[in-house]
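K.L.:
Below is one structure. I have some questions about it.
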Amino acid sequence: MSAPNHDSATPDSIVLYGADWCPDCRRSKAFLRDQRIEYTYVDLEARPDEVASVLEYNDGKQIIPTIVFPDGSHLAEPSNEELAEKLGLTREAAGNTYDVVIVGGGPTGLTTAIYAAREDLSTLVVEKSALGGQAGITERLDNYPGFPDGIEGAELADRIARQAARYGVELLSAVAVSQIRPKDGAATVVLSTGQEVSAGAVVIATGSQYRRTNAPGESDLIGAGVHFCATCDGPFYKGAPDVTVLGGGNSGLEEGLFLTKFADHVTVIERGDKLAASKILQTKVAEHGAMNLNLETSLVRFNAGEDGRLTSVTLAGPDGVEYEHETAAVFVFIGLDPNTGWLDGLLDLDDRGFIDTDRTMATSIPGVFAAGDVRSGSTKQLASAVGEGAAVSLQLRYYLEQSVR
């Protein structure tokens, strides 16, 4: 699809024309962000003069998102699959049979793959989003061993992925696993593309995701003022006049207390009329001079400055009246969801939906293992997630040796 003779020059980078209220625009932005692909976003609500550009690209039709590429081509309202194909992402496994198939390409899955490949096991990693997982979209990691000055999440993710590729690991991104069909200690793994591959063993390392507010502005500000880990990102706000914690449970108050080590003041927002945290934590917060609680208060939207970073949030108080609260950052602690819905009852889960395993990280199905944040009892920290990847690889070797006897 070639672009028409447009008044403006062909863009140097990808340009996405859309609107904040458009769900397909948000999906496309999230896909490009997750793949760590730079793009320019043109909000047609804020820049109505650019509507003419969209009309010209689409033969007079106002279709969003419209995504224009540096080669002059464009896609109108593309699916993630169409975007992946346009970007040249590998979405087809080269083989039909592997010793190990790893579902999830975050630090746990990639570390498992590195260790498995070093054992001369044919290994396939399947990642529904971008290789690197949550670490890959974290602005900066300051608590990962070996990097005294910290490291950007995207750089660390890229390094681990390159290391896996060097050992011959086959890597697929923008491809989901839709089903696992166990049989006689092995399994057939069905990909979202329709392809089926056989595996001697399967490792599920799909991780978990912090529950999001879905308020306007959130997705664009993740890593630029919106965070989900105080331990990881709190130190960036040393000396900040205020940071905000969203959520009045144990996690919210614990992390809020931790953030007082850096920020001058911490504001806790809870939409309910009481806190869910333990009485001990409530007392600590109430007695802390640098913290205050706002009950029956709802988040309306996140607001960004000209530099694209968070400057404030709009809140609604108990009376429903909206007001603006200036803050350097918002730390969201409203829950954690494991990425296990796609399993559709295949494995035993705990009461929160995380995968139950024994001490060898084996699940309720022989030949299927789980490691990292998706596993019940995991610590949800990057260093331990990598450690679990190395540990489960040893169990894979033992299991495969036993299964061929």
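The values are calculated or read from the model by the stated rules, or taken from the named source; none is laboratory data. Just so we're clear, the structure is a prediction, and the values are computed from it rather than from any experiment. Note that we place each Cβ from the backbone using ideal geometry, even for glycine, and neighbour counts take in every protein chain shown. Please note that ligands, DNA and RNA were not included when accessible areas were found on the heavy atoms of the full protein model with its side chains. Shrake-Rupley method; radii C 1.70, N 1.55, O 1.52, S 1.80 Å.
K.L.:
May I ask for the distance between the Cα centers of segment 245-274 and segment 70-136, given as a whole number of Å?
P.N.:
37
K.L.:
Return a whole-number percent for the relative contact order of segment 294-405, with Cα pairs under 8 Å and 6 or more residues apart as the contact set.
P.N.:
Over segment 294-405, the number comes to 13 percent.
K.L.:
Next question. Binning every alpha carbon pair distance of segment 266-405 at 5 Å from zero, what are the percents per bin?
P.N.:
Here the calculated profile for segment 266-405 is 2, 8, 13, 13, 12, 11, 11, 10, 9, 6, 3, 2, 1, 0, 0.
K.L.:
Let me ask something else about it. May I ask you to derive the relative contact order of the chain, considering only C-alpha pairs under 8 Å and at least 6 residues apart, and to give it as an integer percent?
P.N.:
Details: 880 pairs, mean separation 58.8, N = 405.
After rounding, I find 15 percent.
K.L.:
Let me ask something else. Residue 98's amide H: which non-local residues (gap 5+, or another chain) put their own amide H closer than 5 Å, with H modeled 1.01 Å from N in plane and none for Pro or chain starts?
P.N.:
Amide H to amide H, under 5 Å and 5 or more residues apart or across chains, residue 98 pairs with 198, 199, 200.
K.L.:
Less than 18 Å from a label point 7 Å out along the Cα-to-Cβ axis of residue 159: which backbone N atoms in segment 105-121 qualify, by residue?
P.N.:
106-115
K.L.:
Using 7 Å Cα-to-Cβ label points, what is the residue 258/residue 401 separation (nm, one decimal)?
P.N.:
So the two model labels end up 3.8 nm from each other.
K.L.:
Roughly how many percent of the accessible protein surface of the chain is carbon and sulfur, given a 1.4 Å probe and a whole-percent answer?
P.N.:
On the way: 8920 of 19140 Å².
Carbon and sulfur together cover 47 percent of it.
K.L.:
Can you give the calculated 222 nm mean residue ellipticity of the chain, where each DSSP H run of n ≥ 4 adds -39,500 (n - 2.57) and the sum is split over every residue, rounded to the nearest 500 deg cm²/dmol?
P.N.:
Calculated from helices alone, the mean residue ellipticity at 222 nm is -7500 deg cm²/dmol.
K.L.:
Cα centroid distance between segment 13-32 and segment 208-243, in Å?
P.N.:
Measuring centre to centre over Cα atoms gives 21 Å.
K.L.:
Got a sec? Which residues in segment 195-229 would a label at residue 326 touch, if it sits 7 Å along Cα→Cβ and we count backbone N under 19 Å?
P.N.:
So the set is 225-226.
K.L.:
Follow-up question, since we're still on this one. So how far apart, in nm, are the two label points at residue 390 and residue 296 if each is 7 Å from Cα heading toward Cβ?
P.N.:
The modelled label-to-label distance comes out at 5.3 nm.
K.L.:
At 24 Å minimum axial length over the Cα atoms and a Kyte-Doolittle cut of 1.6, report the qualifying DSSP H helices in the chain, or say none.
P.N.:
Details: long enough: 382-403 (31 Å, 0.30).
Result, helices passing both filters: zero.
K.L.:
Give the calculated FRET efficiency between residue 336 and residue 55 to the nearest 0.05, with a Förster radius of 41 Å applied to their Cβ-Cβ distance.
P.N.:
0.40
K.L.:
Okay, moving on. How are the Cα pair distances of segment 47-146 distributed, in percent, across 10 Å bins from 0?
P.N.:
All Cα pairs, binned at 10 Å, distribute as 12, 28, 25, 20, 11, 3 percent.
K.L.:
Hey, rough spin-label estimate for residue 250 and residue 212, points 7 angstrom out along Cα→Cβ, what's it come to in nanometres?
P.N.:
2.7
K.L.:
May I pose another question? Do any trypsin sites (Lys or Arg not before Pro) in segment 6-106 lie in a DSSP loop with no more than 12 other beta carbon atoms within 10 Å, and if so, which?
P.N.:
Answer by residue number: 61.
K.L.:
Turning to a different aspect of this structure: Residues of segment 360-387 with the amide nitrogen closer than 20 Å to a label point 7 Å from the Cα of residue 196, along Cα-to-Cβ, please.
P.N.:
Residues 366-368 fall inside that zone.
K.L.:
From Cα pairs below 8 angstrom and at least 6 apart in sequence, can you work out the relative contact order of segment 91-243, rounded to a whole percent?
P.N.:
28
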